[in-house]
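The values are calculated or read from the model by the stated rules, or taken from the named source; none is laboratory data. Fair warning: this is a prediction, and the values are worked out from it, not measured in the lab. Every residue, glycine as well, gets a Cβ built from its backbone with ideal geometry; the counts of neighbours run over all protein chains shown.
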Amino acid sequence: MTNERKPKKPREQYRLRTRLIHGSFATGRWDYDHPCGAAAIEFRHVPAVFGAPWAQGFIEFATPESRRAPIYIYDRLDEPTRGMLEENLAVAEGGEVAVTFATGMAAISGALGILTASGDQIVAHQVLYGCTHSLMTSWLPRYKIHTDFW
């Protein structure tokens, strides 16, 4: 399947509102030939259910230098609608990329994982979402990241 939609003028000349409504004019997000699999299928059954092309997709994903783009083999790695949302959010915020998360806890974990390193100290309010408190008291200390609660 090929995306034939071409803009009448360069994308940058359209107003932000137009770009947000219509998305990327030239996106490869829907141009793919990889099979998509359900996340609920156990990995050990994947080759039997989807065959060699699906298993090959995991090999390509693990070696980016050989990867064809886009590669949609497993919903948790990437999928077209989330990718297009991230493209549009990046445009809306004037950034190069945007990242979305399925849950707030995933976003918190991702942000703290990117912003902290071994030996860092976090100062946090004493009233936090329970899982965030658990992350800061049980998990981050394993990486020598200490949290002081105020």
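Please go through (1) within 24 Å of Ala62 (Cβ to Cβ); (2) outside any loop (DSSP other than H, G, I, E, B); (3) in contact with a Leu (Cβ under 8 Å, 6 or more places away or on another chain); (4) not acidic (Asp, Glu) for Thr147 and return the number of the only condition it doesn't satisfy.
Looking at each condition in turn, Thr147 falls short on (1).
To keep it simple, each residue is scored yes or no on (1) modelled with pLDDT under 70; (2) in a helix (DSSP H, G or I).
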position	(1), (2)
Asp33	yes, no
Trp54	yes, yes
Ile73	yes, no
Val91	no, yes
Gly95	no, no
Phe101	no, no
Leu128	no, no
Thr132	no, yes
Trp139	no, yes
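Can you tell me which residues in segment 117-137 are surrounded by 10 or more Cβ atoms within 10 Å (Cβ to Cβ), among the small types (Gly, Ala, Ser) and either over 15 Å from Met105 (Cα atoms) or in contact with a strand residue (DSSP E or B) (Cβ under 6 Å, 6 or more places away or on another chain) (or both)?
Ala117, Ala124, listed by residue number.
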